[in-house]
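Colleague: One structure is given below, represented as structure tokens, and several questions about it will come after.
The values are calculated or read from the model by the stated rules, or taken from the named source; none is laboratory data. Note that the structure is a prediction, hence the values are computed from the model and not measured. All Cβ positions, glycine included, derive from the backbone under ideal geometry; neighbour counts span all protein chains shown.
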Amino acid sequence: MRIFDPHIHMTSRTTDDYEAMRAAGVRAVVEPSFWLGQPRTSPASFLDYFDSLLGWEPHRAAQYGITHHCAIALNPKEANDPRCVPVIDELSHYLVKDHVVAVGEIGYDSQTPAEDTAFAAQLQLAHDHGLPALVHTPHRDKLNGLRRTIDVVRESALPPERVLLDHLNETTAKEAKDSGAWLGFSVYPDTKMDVDRMVAALKDFGTERVVVNSAADWGRSDPLTTRKVGDAMLRAGFGEDEVDQVLWRNPVAFYGMSGRLGLDRGRPDTPYEGNSILRGEE
């Protein structure tokens, strides 16, 4: 089983996770920009973070045979902090980089006017740079948030078929599908979908233009949930081709719209900034 986790925050994970993911079949990941758990205080802290997503983290992943790409953005939560918003003016410097395959995560957290402004501006950046957009639908007031999200996408220059609406569930998936966007489901303990609900959703909504991710981060989460969904799909009667479609071909197709996916990169043979990860071998 080959797996592409299209939304996972590996900055928050250990090298043991990379090793376990490789053994489970994960061969590629996309790491979207996100909130780090405490407020950033200036755009400069974002820029260091973006640099790590473009440099150190792909090197670290490659040590374990996993190809790492990223999505760059000002996330919805921090769009409400005036100290952070100026980073939008810096995004164009990053959106031209080879490892960047989308603008994201963008969208809504608390559904504020500040989030409206940041969302619309970054959809425009995605259009301007020929990139798809990874959109965070809110965890609270989900259906109204999904409808508001779809309205903003429709008002933008970015076609809905270049948008992935993530963190969907049973209450939002139908309207998301009707919008023409891609459907993203996060399988994450307690707050999002679980494995059984995910399989049921795939039975209801099909496997076309659907991606499944772990959204694993510094919270209680599991970077192997994509594999668990694949195994559960097989037990539920889905064929191997359908599993491959959801866990590999669909994320490849979505992020492939960037023109930047490089899935055949090998393991690095030189250190990154003097560090190879492999202690004792530097």
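Colleague: Could you tell me how many of the residues in the stretch 1-42 are modelled with pLDDT of 95 or more and under 13 Å from Cys84 (Cβ atoms)?
Modeller: 1
Colleague: What number of residues within the stretch 1-42 are free of Cβ contacts under 8 Å to residues at least 60 places away in the same chain, small (Gly, Ala, Ser) and outside any loop (DSSP other than H, G, I, E, B)?
Modeller: 1
Colleague: Let me ask something additional. Just for the stretch 149-161: of the residues that are more than 16 Å from Lys77 (Cβ to Cβ) and of a type outside the set (A, V, I, L, M, F, W, C), which one is surrounded by the most Cβ atoms within 10 Å (Cβ to Cβ)?
Modeller: The qualifying residue surrounded by the most Cβ atoms within 10 Å (Cβ to Cβ) is Ser156.
Colleague: So which of Leu125, Leu165, Leu134, Leu146 ends up being closer than 19 Å to Gly259 by Cβ, crowded, with 24+ Cβ neighbours inside 10 Å and at pLDDT 95 or above?
Modeller: Selected residue: Leu134, the only one of Leu125, Leu165, Leu134, Leu146 that is closer than 19 Å to Gly259 by Cβ, crowded, with 24+ Cβ neighbours inside 10 Å and at pLDDT 95 or above.
Colleague: Something else about it: Determine, yes or no, whether Met257 is at pLDDT 95 or above and closer than 27 Å to Ala126 by Cα.
Modeller: yes
Colleague: On to the next question. Which ones in the stretch 222-257 are in a loop (DSSP other than H, G, I, E, B) and crowded, with 23+ Cβ neighbours inside 10 Å?
Modeller: Pro223
Colleague: On to the next question. Among the candidates Ser45, Ser92, single out the residue that is free of Cβ contacts under 8 Å to residues at least 12 places away in the same chain, part of a helix (DSSP H, G or I) and touching a Leu at 6+ places or on another chain (Cβ under 9 Å).
Modeller: Ser45
Colleague: Among the listed residues Val199, Val212, which satisfies the condition of being modelled with pLDDT of 95 or more, within 20 Å of Pro132 (Cβ to Cβ) and either in contact with a Lys or Arg (Cβ under 7 Å, 6 or more places away or on another chain) or not in a loop (DSSP other than H, G, I, E, B) (or both)?
Modeller: Val212
Colleague: Please go through the stretch 173-196 and give me each residue that is assigned to a loop (DSSP other than H, G, I, E, B) and either crowded, with 22+ Cβ neighbours inside 10 Å or not polar (S, T, N, Q) (or both), ordered by number.
Modeller: Of everything in the stretch 173-196, those that are assigned to a loop (DSSP other than H, G, I, E, B) and either crowded, with 22+ Cβ neighbours inside 10 Å or not polar (S, T, N, Q) (or both) turn out to be Gly180, Ala181, Tyr188, Pro189, Asp190, Lys192, Asp194.
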